[in-house]
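Report on the structure given below.
Derivation of every value follows stated rules applied to the coordinates shown; laboratory data play no part. Values in this document were obtained by computation on a predicted structure and should not be read as measured data. No Cβ is skipped: glycine too gets one built from the backbone with ideal geometry, and neighbour counts run over all protein chains shown.
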Amino acid sequence: MLLIVVILTFGLLESASGDAVDAYLLSIGGGDATVAQALRQAYGLDQSMMARLWVYVSSLATFDLGWSIAFDRPVLDLILERLPNTLLLMGSATAISFGLGSALGIVAGAKPESAVDRTLSTVSLILYAIPSFWLGLVLSIVFAVQLRWLPTSGIETIASGKEGLARALDIARHLVLPVGALALIYMALFLRVMRSGMAEAWQLDFVLFARSKGLSRSRIVLRHVARNALLPLVTMLGLQSAAMLGGSVVIESIFAIPGFGRLAQEAVGGRDAPLLMGIIVVSAVLVICVNLIVDLVYAALDPRVGASESAG
Amino acid sequence: MRLVRNLIGTPEGAIGLGILVLLALVALFAPVLSPGDPLRIAARPLLAPFTDPSFPLGTDRLGRDVLAGIIHGTRTSLAVGIAAALAAIAIGLCVGLTAGFAGGLVDEALMRVVDAFQIVPSFLLALAFVSVIGASVPVVVIAIALGAWADPARLTRAQVLSIRERDYVASARVIGTHPVEIALREILPNALPPVLALSAIIVAAAILTEAALSFLGLGDPNVVTWGSMIAEGRNVLRSSPSLSIFPGIALVVTVVAVYLFSEGLTKTIGRGRRIA
């Protein structure tokens, strides 16, 4: 599957008119044809497309993602350097949005069509419609520009010389706004999925049975209805991981966080095909990993999944 | 017609449809509402909003009328959103129909391609595509459609798989109907409703993706878009935040309207099924 991703992206980037050498020559103010020829030879850009695809795929097998032309460094090093920031951003945004979203979803779904449910549903609908980059801008206008509570950009204070806990706190302060912008929107999504799952679960036979047994309402809500509605939420988490990775590109650009997404933007600016290619491949690997974890969690939450697999 | 009446019967559908019709009118009559090129310099730069009656929302850093930009931006947002969603659904229907109906190796191969498109973040794909080909409205539409067709394809295939075993398809096969005719006349119309319900969500996502792309400077430079207006306003975010806020509000209102419309649609289709 990953191979298809590689071939498709390769084909896409191949169709570009003008390559990285053109962009590089343009940025240094032009150069003659022999320089361009020598550069192309050095990067292997003068060979046929199939030959280069073969070289790329075979070096990929040894975790070699090629050489970034714009940065003049190995692509893998660049990506590994930026990835922790993005993982931190995405990880905390996922944790917060999943936790808050499912909790509020339980509150809303505990009594479908009640006033609380209606309010939460409306708010989440509007939140979900807000583009993440605009929410990021508005949050930074309010909290960083007007109130001056939080820093506007960056991942940590530059050259502050902070170590250990102080540094961690500094990074956390820088992350509040970007994580907030990303988490609020996904919280709305998780809330809606949780709420509709719960509304459906109320109609199911085992819930009717639990009610007829005279179990307390809170026990039914938490142990029977919510538990059942949690499963689609976990599926959603896997499905949304790709979208969240894409969303972090824009958020990182607003808050000037040196992460994976900003790297993608820089690769676009420098027409750096190997880097862009590496970014897409690594993000596909990330999404596959997240989905693998989600599957494992799913099997742990829902005993039916594991049982049917071992039987088959 | 009954569908529209039922749709207006639900509060979500009525509000959503109302706002969308209003936006569509604004988009259609943009040249009448605000004549001339919205990118031209109209007044002195950074005019504050609500001060000059002829420029109610003020002007930007270059002295361009913000209201004119928002009116003309409606055109781009709606057009790109709807075109990209139509393209995505068309591709998705074709692929899903072929995969589900043909089965076997064709199905296997097509679904692996769908998998591949689903694991690549669609925004990164669009970003790469636009930067490689160059930014113009058709390219942006294709870029967004590329990242959005996989979901409708999967849904269509699932529908086709459940429909193709039904009795009326079998009887069509028995009387010797051509397979292509069965696929198009018997299966497609019955597989369509859930895909259409998904389409509103795809339009909303496409509008948001277009805005994000043009926010990052990857939109068509010759067309006003809300995303590029927000990006432009970002340069003077500290002194005049309203430049970024107004186009953002326009975006949110549009997307909320599409969501409301889609909720109303889902309810109406669901109710129609229950009656039938």
Query raised in the report: FRET efficiency for B:Glu108 and A:Arg148, Cβ-Cβ distance as r, R0 = 45 Å, nearest 0.05?
Result: 0.20
**Report entry** Net lengthening on full extension, A:Ala172/A:Ala300 (0.36 nm per residue, minus Cα-Cα)
**Finding:** 42.9 nm
Requested in this report: Take every Cα pair under 8 Å in the range B:2-275 that's 6+ residues apart, average their separations, divide by the length, and report that relative contact order as a whole percent.
Outcome: 26 percent
**Report entry** Zone residues, the range B:205-226, relative to B:Ile249, backbone N less than 19 Å from point 7 Å out along Cα-to-Cβ
**Finding:** B:225-226
Requested in this report: Please list, in chain and number order, the residues 5+ apart from A:Ser68 or on another chain whose amide H is under 5 Å from its amide H, with Hs placed from the backbone.
Outcome: A:Arg73, A:Val75
Query - Globularity ratio of chain B, using Cα Rg and 2.2 N^0.38 Å - result: 1.18
Report summary line: Expressed as a percent, the portion of alpha-carbon pairs in the range B:149-276 spaced more than 17 Å apart is 70 percent
Query raised in the report: Mean residue ellipticity at 222 nm from the helices of chain B, using -39,500 (n - 2.57) per DSSP H segment of n ≥ 4 over the full residue count, to the nearest 500 deg cm²/dmol?
Result: -24000 deg cm²/dmol
Report task. Using the Kirkwood radius over Cα pairs, work out the Stokes-Einstein diffusion coefficient for the range B:14-107 at 10 °C and 1.306 mPa s, in µm²/s as a whole number. Result -> 98 µm²/s
**Report entry** Centre separation in Å (Cα based) which lies between the range A:137-151 and the range A:269-283
**Finding:** 33 Å
Query raised in the report: Given charges of +1 on the Cβ of Lys and Arg and -1 on the Cβ of Asp and Glu, with all other atoms neutral, how large is the dipole of chain B about its Cα centre, in debye to the nearest 20?
Result: 460 debye
Report summary line: For B:Val4 and B:Val180, extending 7 Å from Cα along the Cα-Cβ vector and measuring point to point gives, in nm, a value of 3.5 nm
